[in-house]
Structures are given as structure tokens and as C-alpha cells.
Amino acid sequence: MKKNDLKKFGEIFTKYILIISILLILLDFTFHRHGYFSFEEIYGFPAFFGFISFVFIVLVGKWLRKFLMRKEDYYDE
Amino acid sequence: MMSNMIPGLVMILFSIVLPVIPNYFRHPAMLLSVFLSSLSLFNGYGIFLEWDILGLNLILYQSDSLTFPFAIIFHIAAVLVIIFSWHNKNLMEQMATLAYAGSAIGALHAGDFFSLFIWWEATALTSVFIVFAGNTLASRNAAMRYLIIQVSSGVLLLIGTCLMLYQTGNHNLATLDLNSDFGKFIFIAFGIKAAFPLLNGWLQDSYPESSVTGTVALSAFTTKLAIYALARTFPGTDSLIWIGAIMTAFPVFFAVIENDLRRVLSFSLNNQLGFMVVGIGIGTELSLNGTVAHAFVHIIYKALLFMSMGAVLYRTGTTKASELGGLYKYMPLTTIFCIVGAMSISAFPLFSGFVAKSLIMSSLGGAGMVLIYFVLFFASAGVLEHSGIKIPYFAFFAHERKTRVKEAPLNMLIAMGIAAFLCIGIGVYPRYLYQILPYAVEYQPYTLDHVISQLQLLVFAILAFLFLIKFKLYPSEIKSTVLNSDWFYRRMLPGIGRPFFKMVSNVIEKFYFNLAFVFNFLLGKSKKYNNSSFIKVTTPSFATLILIIVLFIMLLIAVI
């Protein structure tokens, strides 16, 4: 019972995010979105950029663990 | 009489008498002092107090359109901290917090570099006790390192000020040129407190080691005081644009892998300062407004996030992601407040971060700086990652919690409630914030273009998070230490320095030993009192030796 709560919440949350993201992409086709720079106005550019940036940050961060991660008591002599 | 008393000074005076006030009345007294200090906000702009001493004209109290918004938010932050720490009976921390907030407010109103220096050091000396109040061995060590760094910043500021006075005969707070010698010293002094790249180690080192309530106080003042000082003295300095951009981008990667959530927030704080520094670097009216607006809203939502993590620490005894999760069930209100803070910092429309960050992004767009614009755009996705998702996700969700904990105490909930209310209030009615900004600029953050762009960025970044979690690509929480720029002085320098000094001292010791042998030999030849107590040759201890070397260097300097 207890375990299902969080899982169910996660599923509902995922569903809503999916719906909203589809709506946002569709919305981009209905009007011309102005940006400061020309490629910013490409259809769905912020969405694409956000997704890629996020994945990039997490994967690079994970990779950086190799160099930056030490034991918890690293500084305690 | 109150009208030309330095704002913040009354808080320091109250902090001194705090020990004689009965425990029960201390927090009301602290609030009263903040109220009395805040009356100065109604004084208007101008110079209110000067002091001629030693041939110097010190401007102790001045205010203008740049100090005003900072003064408002510093007072608000002080109130939030006091309410949040209402349960705390630690006298040292109470005194330090009140005096620290007072010094920061006093520093805002300094009109020359000497008075600024005095307050600059005052914030350092008072805040170090807040780090101390963490009351662990780690926090004590961190406090000592913090003190050294903060005082160094003050010393650099003093050197810069003296040079400036010597070279120009002027020491008033005004815009400086980075090409001048004194400009460089002052720039670095400010840069240390503003946590520039590689000068940032102290921040992530000390803030997470402080107490439940202490971190909230620390997060509000020191760094924003540095932002204020930079905005006053170096607006439009090109190198700040790059420095700021690096500050927004780099801490993002560290925050992904850091396990201690309060340290994640400290990296996030660093990244937020980057946005403000970029705004100062551009130096237009719009961008400086953006910097001030961002500092204003940032203090509130960053305090809110630190308060929510403080509440978690208070109830569970840890803020390590690897040991948390599932708290939403036991601390529902804290969860909601934390999410409000997370959405504000991520700059969701209708939250305070959005109306402030838009100003900086627009001024970048207006200036045609493509690359920096996209670095900041990229960093915005990063903010969402570490502060928007990681903090609430690992603390309150992630996995079910086995042991039951209580909701945060009432005073914490009230403080978080006020902060959350301000976050949403400013987001919905940005015009009240825009009214108090230094320059009158017409700006409309809620255009369809802005809102849709921002929503696309954020929602798809969340989608990326869900995707990474689904396919188990998101890095799991691991108990660990993440190396940061404090490594240079915590590991590298001692690593090189200790063996080097040992070697030097060995050589010197050997030299003295031989010298002693020669003396012994000569004395032994001439007189027969070899073992007399008069002539005992000892090798000087290392400390004396250092003293001699220092004296020698001083002599050399004096001669030159």
C-alpha cells in the first residue's frame, strides 16, 4: 500500500507533464514566437534546448564524479 | 535623532544588550530592533551622516536608488531569519545573527571605501560565529577557514582603498576602473565575497556546516552585499560578463553530484550570483535593474529553500540526499513551501524568479550577446535541475521513508509561509518590485513569447528528468565529498607546503646543530666550563625561527 503511493504519484505526474509538453509544442505552431535571435524562433527550440541541456548537465555531472568524487571523510585527515 | 542614525546600527546595539534580556523576550526584541532600523527606509535619498576624522571625511550614512531596494530586502531577510529561529535558544547565534544583519545593512549605507571596509569586516567577524554555531568539529574548522578568507577579502579592500586615497586623494564610493591598481585590489576583494570562479570555495565549504537557522542568515547577506558593492563600483565592466557566465554554468555540474542538499543549495546560490554578475557586467539600466531585482527575489526564495532544508535537518538530523526521501507524507507543508521556492528559483511564470531573470535575459538579448545568452539559457535548465528538481525530489519524494517524523515547528512554517507568499506575490504583481528598482524602466515580463519559451524550456527539462529516472540514468545519491575550489587550500597547499617547510626547518635545524657544535668546541677549548649552566647551547624552536625570519623580512622592507 505504502509503496504504491509514490509510484502512483509519479505516474500521474509523468502523464500531466507529457500532456503539457505536447500542448506546448502544438502551441508553437499556432503563432510566431519572437525571440532575440533568429534560431531561437525555430519551432520548439526552447523545448529542444531545455531537454538537451538537462540531459547534458546530468550526464556530464555523472562523468565528472570520476574526477571530483572522494570518500565522505576525505578531508578528515 | 533616529533620522540620522546609521540603519542597522540599532540592531547591533540590541545584539549587545541581548544577553541581559530574558530569554522569552529576546526574539521580540530582535524584531523590534529590525523595525526601528527599517524606519530609516522612510528617510528618502541623500547623505545623512558624515564624520571628519584623521583628515578623512567618512560618509557613514547615505542612501540612494541603489541602496534602497537592497535595504528593503535585507530588512525582510532579517525578519524571516528571526521568525525562523524563534525556537532557537542559542544566545551566541542570536547575537551574531542580529549583529550580522545589522552590519550588512550598515554596509549598504556606507558612502566611502573606509566606512565600507569597517562594515565589510564587521559582517565577516559576526557571521563567523554563525558558522561556529553549527557546533560540530566540522563547523568549527569550516568557521576558521571562513574567517581567514573573509578577512583576506577585507584586507584586500583596505589595501585598495589606501592605494586609491594615495593615488587619487579620494576615497568616496564611486565607479572604478578595473585598469587602475586599486581597482584590481577592490575588484578581487569584492570577487571573494561574491564567490567568483575559483574564489568560491569558502561558500560551499562553510554554509552547509552552519546550524539549522544559521545557513538561512548566511545565505541572505554576505554575497548580496558583494553584488551591491560590484553594482556600485564596477557597472559595465566587460570582464564581469564572462565571470558571471562561468559562475552560472560551472556550479551546475557540481550540484548534480553533491550529496548534501544544503551544499547543493550553496552551489545553486553561486550559480544565481552569476546571473547578477552578468547583469552588472552589461551595465545598462535594464540589466542593472535586472541584477537588483534578481538579488531581491533571490534572497527570498533562497532563504525559503534553505529554511525548508533547515526544517528537514531539524526534524531528521541530516540533509544528505542518500538518507532522505519520502518526507512529503510527514512534512506536507514544508514540502509545499519547498516546491514554491523551487519553482521560484527555476523561474516558472507567476513565480518571482521569472520576473527578475527576464530582465537580465532581455538586456542580453537587447545587447546582442548570443553566446552569453545561451550560456545563461543553459544555466537556467541547470537551476531547474539542482534547485527545482533535485532538492524537493530527494528530500520529500524519491523513496518511501520508514521512520516517522513531525512537521516543522510553527515558527518555521510561518517564516516559510511568508517567504512563499512573497515569492508568488512578486511573481503575480511584478510592478511593485519594478517600482523600487534603481532606474525607471518600462518592462513587461508577461509577453506570450517569454512565457511560452520559458515554459517549453522548463517542462521539457522536467521531461528529461523523468526520462533519465525512468531509464535509471540519473546519478544515484552516493555518500561522498565533491572536490571544489577549496581543495586548493585544504589539500594542495598543505600537501606542498608541509613537506617543504619540514625540509626547510630540517636544514635550518641541522645548521644550528652544527653551529652549536662549533661553539661548543670553541668554548670548550677556551674555557673549561663545558657543562656549566651558563653556556648551554640549544637549537631554537621552530616558532622562534619563524619570528626571526619575519623580523628580518620586516627589517629588509624598512631598509628598502
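Take the residues in the stretch A:49-58 that are facing another protein chain (nearest Cβ under 7 Å) and out of contact with any Asp or Glu (no Cβ under 7 Å at 6 or more places or on another chain), then tell me which one is surrounded by the most Cβ atoms within 10 Å (Cβ to Cβ).
Filtering the stretch A:49-58 for residues facing another protein chain (nearest Cβ under 7 Å) gives A:49-51, A:53-55, A:57-58.
Cutting the leftovers down to out of contact with any Asp or Glu (no Cβ under 7 Å at 6 or more places or on another chain) gives us A:49-51, A:53, A:55.
On the way: A:Phe49: 23, A:Gly50: 29, A:Phe51: 23, A:Ser53: 24, A:Val55: 18.
Top of the filtered list is A:Gly50.
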Tally of residues being basic (Lys, Arg) and out of contact with any Ser or Thr (no Cβ under 6 Å at 6 or more places or on another chain) across the stretch B:231-264: 2
Of the conditions (1) modelled with pLDDT under 90; (2) touching a His at 6+ places or on another chain (Cβ under 8 Å); (3) over 17 Å from B:Thr126 (Cβ atoms), B:Gly8 clears all except one; give me its number. (3)
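Could you please find all residues in the stretch B:478-500 being basic (Lys, Arg), surrounded by 12 or more Cβ atoms within 10 Å (Cβ to Cβ) and not in a loop (DSSP other than H, G, I, E, B)?
Of all residues in the stretch B:478-500, those basic (Lys, Arg) come to B:479, B:490-491, B:498.
Next, only the ones that are surrounded by 12 or more Cβ atoms within 10 Å (Cβ to Cβ) stay: B:479, B:490-491.
If the condition is that a residue be basic (Lys, Arg), surrounded by 12 or more Cβ atoms within 10 Å (Cβ to Cβ) and not in a loop (DSSP other than H, G, I, E, B), then B:Arg490, B:Arg491 are the ones that fit.
Would the stretch B:22-32 turn up any residue that is in contact with a strand residue (DSSP E or B) (Cβ under 7 Å, 6 or more places away or on another chain) and either over 23 Å from B:Ala124 (Cα atoms) or among the small types (Gly, Ala, Ser) (or both)?
Just the residues of the stretch B:22-32 that are in contact with a strand residue (DSSP E or B) (Cβ under 7 Å, 6 or more places away or on another chain), to begin with: none.
No, the stretch B:22-32 has no match at all.
Is it true that B:Leu333 is farther than 25 Å from B:Phe84 by Cβ and of a type outside the set (D, E, K, R)? Outline the logic, then answer.
Details: farther than 25 Å from B:Phe84 by Cβ: no; of a type outside the set (D, E, K, R): yes.
The answer is no for B:Leu333.
Looking at the stretch B:413-430, is at least one residue away from chain A (no Cβ under 13 Å), among the hydroxyl-bearing types (Ser, Thr, Tyr) and surrounded by fewer than 23 Cβ atoms within 10 Å (Cβ to Cβ)?
Step one: of the stretch B:413-430, the residues away from chain A (no Cβ under 13 Å) are B:413-430.
From the residues that got through so far, the ones that are among the hydroxyl-bearing types (Ser, Thr, Tyr) too are B:429.
After this cut, where a residue has to be surrounded by fewer than 23 Cβ atoms within 10 Å (Cβ to Cβ) as well, the list is B:429.
Checking the stretch B:413-430: at least one residue is away from chain A (no Cβ under 13 Å), among the hydroxyl-bearing types (Ser, Thr, Tyr) and surrounded by fewer than 23 Cβ atoms within 10 Å (Cβ to Cβ).
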Please verify whether B:Met92 is surrounded by fewer than 16 Cβ atoms within 10 Å (Cβ to Cβ), on the phi < 0 side of the Ramachandran plot, hydrophobic (A, V, I, L, M, F, W, C) and part of a helix (DSSP H, G or I), treating the condition exactly as stated. yes
Exactly one of these conditions fails for A:Phe31: (1) within 8 Å of another protein chain (Cβ to nearest Cβ); (2) in contact with a helix residue (DSSP H, G or I) (Cβ under 9 Å, 6 or more places away or on another chain); (3) surrounded by 11 or more Cβ atoms within 10 Å (Cβ to Cβ). Give me its number. (3)
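Among the residues of the stretch B:97-112, write down those that are among the small types (Gly, Ala, Ser) and either in a helix (DSSP H, G or I) or under 19 Å from B:Ser85 (Cα atoms) (or both).
Within the stretch B:97-112, the subset among the small types (Gly, Ala, Ser) is B:99, B:101-104, B:106-107, B:110-111.
Passing the criteria: B:Ala99, B:Ala101, B:Gly102, B:Ser103, B:Ala104, B:Gly106, B:Ala107.
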Assess whether B:Ile360 counts as being within 22 Å of B:Phe337 (Cα to Cα) and more than 10 Å from every other protein chain (Cβ to nearest Cβ). no
Verdict on B:Ala295 being under 18 Å from the mean Cα position of the chain (by Cα), within 14 Å of another protein chain (Cβ to nearest Cβ) and among the small types (Gly, Ala, Ser): no
With criteria (1) at the interface with another protein chain (Cβ under 9 Å from one of its Cβ atoms); (2) among the aromatic types (Phe, Trp, Tyr); (3) assigned to a helix (DSSP H, G or I), A:Tyr36 comes up short on (3)
So B:Ile336 fits all but one of (1) part of a helix (DSSP H, G or I); (2) buried (at least 24 other Cβ atoms within 10 Å of the Cβ); what number is the exception? (2)
Can you find a residue in the stretch B:139-161 that is over 20 Å from the mean Cα position of the chain (by Cα), in contact (Cβ under 8 Å) with a residue 60 or more places away in the chain and at negative phi? no
Of all residues in the stretch B:298-333, which are away from every other protein chain (no Cβ under 14 Å), surrounded by fewer than 24 Cβ atoms within 10 Å (Cβ to Cβ) and small (Gly, Ala, Ser)? B:Gly317
Hand me the list of helices (runs of 4 or more DSSP H) wholly inside the stretch B:195-272 holding 2 or more residues that are modelled with pLDDT of 90 or more, hydroxyl-bearing (Ser, Thr, Tyr) and under 17 Å from the mean Cα position of the chain (by Cα). B:214-220, B:222-233
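Only one residue in B:Phe185, B:Phe196 is of a type outside the set (Val, Ile, Thr), out of contact with any strand residue (DSSP E or B) (no Cβ under 9 Å at 6 or more places or on another chain) and touching a residue at least 40 places away in the same chain (Cβ under 8 Å). Which one?
B:Phe196
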List the number of the failed condition for B:Ala379; all other conditions in (1) away from chain A (no Cβ under 14 Å); (2) in a helix (DSSP H, G or I) hold. (1)
Of (1) in a loop (DSSP other than H, G, I, E, B); (2) farther than 23 Å from B:Ser239 by Cβ, B:Leu176 satisfies every one except (2)
Consider only pairs whose beta carbons are under 7 Å apart and that are at least six residues apart or on different chains; among these, list those whose first residue lies in the stretch B:435-455 and is more than 14 Å from every other protein chain (Cβ to nearest Cβ) and whose second residue is loosely packed, with under 14 Cβ neighbours inside 10 Å. B:Pro438/B:Ser65
Given the conditions (1) over 19 Å from B:Pro445 (Cβ atoms); (2) surrounded by fewer than 24 Cβ atoms within 10 Å (Cβ to Cβ); (3) touching a residue at least 60 places away in the same chain (Cβ under 8 Å); (4) β-branched (Val, Ile, Thr), every one holds for B:Thr284 apart from (1)
If you check A:Tyr43 against the conditions, is it free of Cβ contacts under 8 Å to residues at least 60 places away in the same chain, facing chain B (nearest Cβ under 7 Å) and farther than 24 Å from B:Lys390 by Cβ? no
Hits in the stretch B:22-56 (condition: of a type in the set (A, V, I, L, M, F, W, C), free of Cβ contacts under 8 Å to residues at least 40 places away in the same chain and buried (at least 16 other Cβ atoms within 10 Å of the Cβ)): B:Ala29, B:Leu36
Residues of the stretch B:393-434 that turn out to be in contact with a Leu (Cβ under 9 Å, 6 or more places away or on another chain) and assigned to a helix (DSSP H, G or I), as a count: 17
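Confirm whether B:Glu121 is under 15 Å from the mean Cα position of the chain (by Cα) and buried (at least 19 other Cβ atoms within 10 Å of the Cβ). If you could, list the steps in order and put the result at the bottom.
Numbers: under 15 Å from the mean Cα position of the chain (by Cα): yes; buried (at least 19 other Cβ atoms within 10 Å of the Cβ): yes.
Considered against the rule, which asks whether it is under 15 Å from the mean Cα position of the chain (by Cα) and buried (at least 19 other Cβ atoms within 10 Å of the Cβ), B:Glu121 comes out as yes.
The values are calculated or read from the model by the stated rules, or taken from the named source; none is laboratory data. In this text the structure is predicted, and so the values were computed from the model without any measurement. Glycine gets a Cβ as well: all are built from the backbone with ideal geometry, and neighbour counts include every protein chain shown.
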